[in-house]
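Chemist: Handing you this structure, nothing more for now.
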Amino acid sequence: MTAEELMTRKLSWAKASDPLHPFRTQVDGHTLTIRLNDFPEESMYSLLIDGQAVSDFDDWPKIWSRPS
């Protein structure tokens, strides 16, 4: 599973209690987390797989659903 694959895969995110890591989901036995970064000096978000940053991005993928 690569970051590119995950960015184009339909994922449903759940709210997490950590304000710096506000979204979490499980995929194929791995925990995916979204980290909020120091925007605009850095990308807005980072995608983490099992705690390791694998990708930075600014625009939330349209195929992903996030809780309201």
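Chemist: Which whole-number value in Å² is the accessible area per residue of the chain, probe 1.4 Å?
Modeler: Here the residues of the chain average 66 Å² of exposed surface.
Chemist: OK, next. Round to a whole number: what % of the accessible area of the chain belongs to carbon and sulfur, probe 1.4 Å?
Modeler: Exposed carbon and sulfur together represent 49 percent of the surface.
Chemist: Sticking with this one: When ranked by the protection proxy of mean other Cβ atoms within 10 Å per residue, highest first, what sequence do the peptides 25-35, 2-12 form?
Modeler: For the peptides 25-35, 2-12, the packing ranking is 25-35, 2-12.
Chemist: Give the long-range amide H neighbours of Leu11: residues separated by 5 or more places, or on another chain, with amide H under 5 Å away, using H modelled in the peptide plane at 1.01 Å from N.
Modeler: It is Trp64, Ser65, by chain and number.
Chemist: Okay, moving on. Work out the length of the dipole vector of the chain about its Cα centre, built from +1 on the beta-carbon of each Lys and Arg and -1 on the beta-carbon of each Asp and Glu, and round it to the nearest 20 debye.
Modeler: Rounded to the nearest 20 debye, it is 460 debye.
Chemist: Under 1.5 on a/c is rounded, so check that first for the chain, then, if it is not, pick prolate when a/b is larger than b/c and oblate when it is not; a ≥ b ≥ c are the square roots of the alpha carbon gyration tensor eigenvalues.
Modeler: Note, shape of the chain comes out rounded.
Chemist: In addition: Search the structure for amide H atoms under 5 Å from the amide H of Ala16, placed 1.01 Å from N in the peptide plane, and list their residues when 5 or more places away or on another chain.
Modeler: Residues meeting the amide H criterion: Phe23, Arg24.
Chemist: Tally Lys and Arg at +1 and Asp and Glu at -1 over the other residues with C-beta under 11 Å from the C-beta of Met1: what net charge comes out?
Modeler: Local charge sum for Met1: -3.
The values are calculated or read from the model by the stated rules, or taken from the named source; none is laboratory data. Quick caveat: nothing in here was measured; it's all calculated off a predicted structure. Backbone-built Cβ (ideal geometry, glycine too); neighbour counts: all protein chains shown. Just so you know, the surface numbers come from the protein's heavy atoms only, side chains and all, with ligands and any DNA or RNA stripped out. Shrake-Rupley method; radii C 1.70, N 1.55, O 1.52, S 1.80 Å.
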